[in-house]
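Asker: Below you will find the structure I want to go over with you.
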Amino acid sequence: MFKYSIGPWNVHEGADAFGPEVRETIPLERKLRKFKEMGFDAVQFHDDDAVPDMNELDAEQIKEQARGVKELLGDIGLAAEFVAPRLWMDARTIDGGFTSNSEEEREYALWRSFRSVDIAKELGCDKLVLWLAREGTLCFESKDPVRGVKRLIEAVNTILEYDEDIKILIEPKPNEPIDRSFCPTLGHVMGVSAASCDPARVGGLLESAHAILAGLDPAMEIAYATAMGKLWSVHLNDQNGMKFDQDKSFGVENLRQAFNQIKVLVENDYGKNGEYIGLDVKAMRTQRLEDSYRHAANSLRIARLLEEKARKFDYEYQRKCVSERNYEALEMYVMELLMGV
Ligand code: GLO
Ligand code: MG
């Protein structure tokens, strides 16, 4: 049985690029209690999910507040999986954090990253996730792309040097909000890891929707990072083709791909080093406040049902089909397994 995690941002007010919020904000503590009740084991945090208004606080005050969140988690019975610096909401990261052309802005991005490491340690976890939201370009010629990649590696090194225990998980995404990312796929993440000063502490987080946005099958991305020993977390969700990032409930668009993501995770004993399956899903904008958690519950149920299917997979029959090179039969077996006939 896998262990599951989720972030407070996954219970969302419903604002999108063309419209305002449609659901009330639910306070953090209420969300956390609900996550526990739903069967989640851990929570993923942005730095300012844990410590709101952290820009106004100094390092000690930030740690102090993080200790309060740790107590709350302990009281509810949830672990913290990771902390991610929110490097895309501030005016100072409008043009990227680590790869901004401005030195002051790059320093701010590092400050937020150091504080995120501090928060992670207070929350009892050793994982820092970097979703590189704006590390790339809207206008190709606005940044030197070679220097951009080098600056990214330098930032990773600086964070590794800041704390000797922290592990960095890069969450790649090919576009949105920027047009061209400096690190769009897990293959690129592996390159950054290898070029860093401590590759053993730099791995990846695969998000299904991000892989689909890059035109890739998330199950293959999961397999690739697993082969490299670097799949340290996942954001399972779904996505209808190559358009804006949708964060749909897991499996609702691409059921066979979803099954294969779970199948690869099951086959490789994902979770054996304490990894969680994160569900980075958002409710549709049309949903009422009362339904704020339904997409998360659905995703959890779908993932668990697919886990059961993956554990029932008939490998003997698969071997027979492979030996006869009868892939039509194998494919039909998978379809029938998924359709429950
Ligand atoms: C957006 C990302 C985002 C990150 C989260 C953690 O496309 O998936 O939700 O996963 O901010 O860093
Ligand atoms: Mg994500």
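Asker: Tell me, which helices (runs of 4 or more DSSP H) wholly within segment 288-341 include 2 or more residues that are of a type in the set (S, T, Y)? Break it down into steps so the answer makes sense when it comes.
Answerer: Details: elements: 294-312, 315-323, 327-339.
Filter on segment 288-341 gives 315-323, 327-339.
Asker: Return the pairs, sorted by first residue and then second, in which the second residue is loosely packed, with under 12 Cβ neighbours inside 10 Å and not small (G, A, S), the first residue lies in segment 14-29 and is on the phi > 0 side of the Ramachandran plot, the beta carbons are less than 9 Å apart, and the residues are 6+ apart or on different chains.
Answerer: Going by the 9 Å Cβ cut-off, the qualifying pairs are G14/P20; G14/T286.
Asker: So A194 fits all but one of (1) aliphatic (A, V, I, L, M); (2) within 11 Å of ligand 1 (Cβ to nearest atom); (3) without any contact (Cβ under 8 Å) to a residue 12 or more places away in the chain; what number is the exception?
Answerer: So the condition that A194 fails would be (2).
Asker: When you go through D47, D58, D75, D53 one by one, which is the residue that is within 16 Å of ligand 1 (Cβ to nearest atom) and either farther than 23 Å from G274 by Cβ or not aromatic (F, W, Y) (or both)?
Answerer: Values: D58 fails: within 16 Å of ligand 1 (Cβ to nearest atom); D75 fails: within 16 Å of ligand 1 (Cβ to nearest atom); D53 fails: within 16 Å of ligand 1 (Cβ to nearest atom).
After applying the criteria, what remains is D47.
Asker: How many residues does segment 226-244 contain that are within 16 Å of ligand 1 (Cβ to nearest atom), buried (at least 19 other Cβ atoms within 10 Å of the Cβ) and assigned to a loop (DSSP other than H, G, I, E, B)?
Answerer: 2
Asker: Any chance you could count how many residues in segment 49-88 are part of a loop (DSSP other than H, G, I, E, B) and without any contact (Cβ under 8 Å) to a residue 12 or more places away in the chain?
Answerer: Filtering segment 49-88 for residues part of a loop (DSSP other than H, G, I, E, B) gives 51-53, 57-58, 77-78, 85-88.
Subset that is without any contact (Cβ under 8 Å) to a residue 12 or more places away in the chain: 52-53, 57-58.
Counting residues in segment 49-88 that are part of a loop (DSSP other than H, G, I, E, B) and without any contact (Cβ under 8 Å) to a residue 12 or more places away in the chain gives 4.
Asker: Among what's in segment 99-113 and is closer than 22 Å to L57 by Cα and either aromatic (F, W, Y) or in contact (Cβ under 8 Å) with a residue 40 or more places away in the chain (or both), pick the residue that is farthest from ligand 1 (Cβ to nearest atom). Spell out how you get there, then give the answer.
Answerer: Of segment 99-113, the ones closer than 22 Å to L57 by Cα are 103-113.
Narrowing the set further to residues that are either aromatic (F, W, Y) or in contact (Cβ under 8 Å) with a residue 40 or more places away in the chain (or both) leaves 106, 108-113.
On the way: R106: 19, Y108: 17, A109: 14, L110: 17, W111: 17, R112: 12, S113: 12 Å.
Here the residue is R106.
Asker: While we're on this one: Are any residues in segment 300-317 within 12 Å of N260 (Cα to Cα) and among the basic types (K, R), and if so, which ones?
Answerer: If we filter segment 300-317 for residues that are within 12 Å of N260 (Cα to Cα), which is where we start, we get 303, 306-307, 309-311, 313.
K309, R311 - these are the residues of segment 300-317 that are within 12 Å of N260 (Cα to Cα) and among the basic types (K, R).
Asker: Restricted to segment 257-287, and to residues that are touching a residue at least 60 places away in the same chain (Cβ under 8 Å) and part of a helix (DSSP H, G or I), which residue is nearest to ligand 2 (Cβ to nearest atom)?
Answerer: L265
Asker: Hey, another quick one. Of the residues L152, L132, which is buried (at least 20 other Cβ atoms within 10 Å of the Cβ) and under 27 Å from A42 (Cα atoms)? Can you show your working first?
Answerer: Values: L152 fails: under 27 Å from A42 (Cα atoms).
Of L152, L132, the one residue that is buried (at least 20 other Cβ atoms within 10 Å of the Cβ) and under 27 Å from A42 (Cα atoms) is L132.
Asker: Further, regarding this structure: Tally time: how many residues in segment 175-211 are more than 14 Å from the chain's Cα centre (by Cα) and not basic (K, R)? Reasoning before the result, please.
Answerer: Filtering segment 175-211 down to residues more than 14 Å from the chain's Cα centre (by Cα) leaves 175-183, 187-188, 190-202.
Add one more test, that the residue is not basic (K, R), and what stays is 175-179, 181-183, 187-188, 190-200, 202.
Number of matching residues: 22.
Asker: Pick out the one residue from G241, G229 that is away from ligand 2 (no atom under 15 Å from the Cβ), more than 30 Å from A17 (Cβ to Cβ) and small (G, A, S). Give the steps one after another, and end with the answer.
Answerer: Values: G241 fails: more than 30 Å from A17 (Cβ to Cβ).
Unique residue meeting the criteria: G229.
Asker: How about segment 114-173: which of its residues are aliphatic (A, V, I, L, M), farther than 19 Å from G204 by Cβ, more than 16 Å from ligand 1 (Cβ to nearest atom) and touching a residue at least 12 places away in the same chain (Cβ under 8 Å)? Full working, then the answer.
Answerer: Taking segment 114-173 as the starting set, the residues that turn out to be aliphatic (A, V, I, L, M) are 117, 119-120, 123, 128-130, 132-133, 138, 146, 149, 152-153, 155-156, 159-160, 166, 168-170.
The next check asks that each one be farther than 19 Å from G204 by Cβ; those that pass are 119, 123, 138, 146.
Still in the list and also more than 16 Å from ligand 1 (Cβ to nearest atom): 138, 146.
Within segment 114-173, L138 is the sole residue that qualifies.
Asker: Give me a count of the residues in segment 312-341 that are loosely packed, with under 12 Cβ neighbours inside 10 Å and either on the phi > 0 side of the Ramachandran plot or basic (K, R) (or both).
Answerer: Residues meeting the conditions: 4.
Asker: Can you tell me which of E161, E176, E221 is surrounded by fewer than 19 Cβ atoms within 10 Å (Cβ to Cβ) and within 15 Å of ligand 2 (Cβ to nearest atom)?
Answerer: Working: E161 fails: within 15 Å of ligand 2 (Cβ to nearest atom); E221 fails: surrounded by fewer than 19 Cβ atoms within 10 Å (Cβ to Cβ).
Going through E161, E176, E221 in turn, just one is surrounded by fewer than 19 Cβ atoms within 10 Å (Cβ to Cβ) and within 15 Å of ligand 2 (Cβ to nearest atom): E176.
Since every read-out is calculated from the coordinates, none of them should be taken as a lab result. Bear in mind that the values here come from a model prediction, so they are computed numbers and not experimental data. Backbone-built Cβ (ideal geometry, glycine too); neighbour counts: all protein chains shown.
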